[in-house]
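K.L.:
Just passing along the structure, written as structure tokens.
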2 protein chains.
Amino acid sequence: MSDAGDVAEHKRMRGATVDYVLRHVRDGIFQGQYAPGQRLIEADLTRELGISRGPLREALHRLAADKLLEIVPNRGAIVRRLSMREMLELFSIRIALECLAVREATAKLAAPVIRARFESDTEAIWMPEQRAPGRGYIAENKSFHDAIIRASGNETLGIVTSQLQLPLLMFQFNKMLTAGNIAASLAEHRAIAEAMLDGDAADAETCMRSHLERARQVASEMPSQVFRSEARAR
Amino acid sequence: MSDAGDVAEHKRMRGATVDYVLRHVRDGIFQGQYAPGQRLIEADLTRELGISRGPLREALHRLAADKLLEIVPNRGAIVRRLSMREMLELFSIRIALECLAVREATAKLAAPVIRARFESDTEAIWMPEQRAPGRGYIAENKSFHDAIIRASGNETLGIVTSQLQLPLLMFQFNKMLTAGNIAASLAEHRAIAEAMLDGDAADAETCMRSHLERARQVASEMPSQVFRSEARAR
DNA sequence: TCGTGCAATATTGTCAGACAATCTGATGTT
DNA sequence: AACATCAGATTGTCTGACAATATTGCACGA
């Protein structure tokens, strides 16, 4: 589409070519332009993006490290598709880490500076339904969970969780976001925040766990065709 | 050292060059050949290893993704050094994930097949001191923790934890392994395994947590010069 | 008709050489 | 001493090339 315009853009700054490809392919995957299972041919991409193979390969391999692509020797890169099992495993891990974050964050909230920042970061969840459904909610959800991790002060945890979230984005989650789901999720966010501000770490952790377990439940009800078949297709 | 011999070796198989570099640099870091903070000059490495810049850069960037190197734009790769704070954060995360593993694994041990494999995987911890001190223990420790994750059946968890362990290996931990530490660790392993085989998930998790917290304690007593100073040196 | 083996094509993995952008350190000027 | 300038070092990227491997289409025989 707007590729022709983008081609020139990355030329301006040196060292940005790889990043440019990274973003292009990642966005292409999330927006469904590159479908799961599709092969990404190096020659095509170099032509489309107006770059050479070196930076392109580097970008593809980094995306493979993030589990967005799968690279088969001598066959190149294909867009990865998660099996339902892998998605459930990712959720287990995410639950464990977000519970850790909520515990550490609740303790840190005793400090006024951290508390003030957390309150301003989570302002949005207290405002009544002023937001557009669907697309807007995803950003709000992300910023709430990010605020907790930020308050925990554990930077490494932030890096790890952000990497875990990426593959989950590959399912177009917004399709699942009914008004009911959004309302329930928002209520749970509020419960979590209240428990945290009360200093009740155990309660906050419980709320977080059930919040994520419900999200997992919703995710597991997605049509089975969005998942990769479990049988090792290698 | 034996580089000259290795140079030819990777030529045999196509598609193994990047892997070859990966292993070389990783081992060089763990064995102290490449010291933390040291710059890795592309020209030097291509000459030493007899490869071209393409695969080399790919390998360096992958190691950067694993947090073993840091890549500064237009300055290249330097061997990363963790701050004490980052090490503690890594331990927090590892504790959360290994507790998750122990819970899931204990549940799975009800199945005879899983149970049998777990028992054979952890055979070593029941045998009295037939092992060499130091070096041998690290492998034994790793295989015990791996056995738990394997029994949990959560493959994604295995991938994530193995990536988390890598940076920790950068400290030469073996220097810290006194006979007393090894004995204590072994006893804790046995306690964990017993609780798991008894089906007592809560107890197993408690044992695992205190086991790792003690390890963290030992690690935090390492001489401060092995850590990077916390001030952002950028 | 259906599989099987083989040649032609497509694609990747790697190499070599080149160039400009950028960083580093030393030199000279004020 | 502070600052500007310059040469060398190093990286980021490009181009073109070649062999190794995978894929495809097709002729051939059972």
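The values are calculated or read from the model by the stated rules, or taken from the named source; none is laboratory data. Since the model is a prediction, treat every value here as computed from it, not as a measurement. Every residue, glycine as well, gets a Cβ built from its backbone with ideal geometry; the counts of neighbours run over all protein chains shown. Heads up: the accessible areas ignore ligands, DNA and RNA and are worked out on the full protein's heavy atoms, side chains in. Shrake-Rupley method; radii C 1.70, N 1.55, O 1.52, S 1.80 Å.
K.L.:
How far, in degrees from 0 to 90, does helix B:53-65 lean away from the longest principal axis of the Cα atoms of chain B, to the nearest 10?
P.N.:
The angle comes out near 40 degrees.
K.L.:
Can you pull out the buried accessible area for chains B and A, both sides counted, probe 1.4 Å, rounded to the nearest 100 Å²?
P.N.:
By this definition, chains B and A bury close to 2200 Å².
K.L.:
Under 18 Å from a label point 7 Å along Cα→Cβ of residue B:35: give me every residue in segment B:207-229 with its amide N that close.
P.N.:
Taking a point 7 Å out along Cα→Cβ of residue B:35, the residues of segment B:207-229 whose backbone N falls under 18 Å are B:223-229.
K.L.:
Go ahead and estimate [θ] at 222 nm for chain A from helices alone: -39,500 (n - 2.57) per DSSP H run with n ≥ 4, summed, over the residue count, rounded to 500.
P.N.:
-21000 deg cm²/dmol
K.L.:
Using a 1.4 Å probe, how large is the accessible area of residue B:115, given in Å² and rounded to the nearest 10?
P.N.:
Number for this one is 80 Å².
K.L.:
Enter the accessible area of residue A:206 (Å², nearest 10), with the probe set to 1.4 Å and all protein chains included.
P.N.:
90
K.L.:
Also, quick follow-up: Put B:213, B:86 in order of accessible area, largest first, 1.4 Å probe: what do you get?
P.N.:
B:213, B:86
K.L.:
May I ask you to derive the relative contact order of segment A:84-225, considering only C-alpha pairs under 8 Å and at least 6 residues apart, and to give it as an integer percent?
P.N.:
Answer for segment A:84-225 is 38 percent.
K.L.:
Return the distance in nm (one decimal) between the two label points of a simple spin-label model at residue A:190 and residue B:83, each offset 7 Å from Cα along Cα→Cβ.
P.N.:
Here the modelled spin labels are 3.8 nm apart.
K.L.:
On the protein heavy atoms, probe 1.4 angstrom, tell me the percent of accessible surface of segment B:84-225 carried by carbon and sulfur.
P.N.:
Working: 3800 of 6590 Å².
Within segment B:84-225, the accessible surface is 58 percent carbon and sulfur.
K.L.:
Continuing with this model, one more query. Which angle between 0 and 90 degrees, to the nearest 10, do you get for helix B:155-168 versus the longest principal axis of chain B when only C-alpha atoms count?
P.N.:
Tilt relative to chain B: about 60 degrees.
K.L.:
Separate question: Report, in debye and to the nearest 20, how large the dipole of chain B comes out about its Cα centre when Lys and Arg carry +1 and Asp and Glu carry -1 on their Cβ.
P.N.:
980
K.L.:
Looking only at B:48, B:89, B:98, which one moves most when chain B is put into a Gaussian network model with springs between Cα atoms under 10 Å?
P.N.:
B:48
K.L.:
Enumerate lysine pairs in chain B that are 8 or more residues apart or on different chains, then count those whose Cα atoms are under 28 Å apart. Could the numbers behind the result be given before it?
P.N.:
On the way: B:11/B:67; B:67/B:142; B:67/B:175; B:108/B:142; B:142/B:175.
Qualifying lysine pairs in chain B: 5.
K.L.:
Of the candidates B:197, B:49, B:168, which one comes out as most mobile in a Gaussian network treatment of chain B with C-alpha springs shorter than 10 Å?
P.N.:
Taking springs between Cα atoms under 10 Å, the residue moving most is B:49.
K.L.:
Follow-up. Largest first, what is the accessible-area ranking of B:228, A:75 with a 1.4 Å probe?
P.N.:
Sorted descending by solvent-accessible area, the residues read A:75, B:228.
K.L.:
To continue, here is another question. Tell me the distances, shortest first, between residue B:155 and the same position across the other copies, using label points 7 Å along Cα→Cβ, in nm to one decimal.
P.N.:
Copy-to-copy label distances at residue B:155, shortest first: 3.5 nm.
K.L.:
Hey, another quick one. Using the Cα centre of the protein assembly as shown as origin and beta-carbon charges of +1 (Lys, Arg) and -1 (Asp, Glu), tell me which of B:197, B:45, A:160 is placed farthest towards the positive end of the dipole.
P.N.:
B:45
K.L.:
Follow-up. Quick check: residue separation of residue A:178 and residue A:209 times 0.36 nm, minus the Cα distance between them. What number comes out in nm?
P.N.:
Numbers: separation 31, 0.36 × 31 = 11.16 nm, distance 2.11 nm.
Result for the pair: 9.0 nm of gain on full extension.
K.L.:
Continuing with this model, one more query. Does the protein assembly as shown come out rounded, prolate or oblate by the C-alpha gyration tensor, with a ≥ b ≥ c the root eigenvalues, rounded set by a/c under 1.5 and, if not, prolate when a/b is larger than b/c and oblate if not?
P.N.:
Values: a/c = 1.44, a/b = 1.01, b/c = 1.43.
Note, shape of the protein assembly as shown comes out rounded.
K.L.:
While we're on this one: How far apart, in nanometres, would the label points at residue A:220 and residue B:142 be if each is projected 7 angstrom from Cα along the Cα-to-Cβ direction?
P.N.:
Result for the modelled spin labels: 3.4 nm.
K.L.:
Along the Cα→Cβ direction, 7 angstrom out, place labels at residue A:44 and residue B:44. What is the inter-label distance in nm?
P.N.:
The answer from the label model is 4.2 nm.
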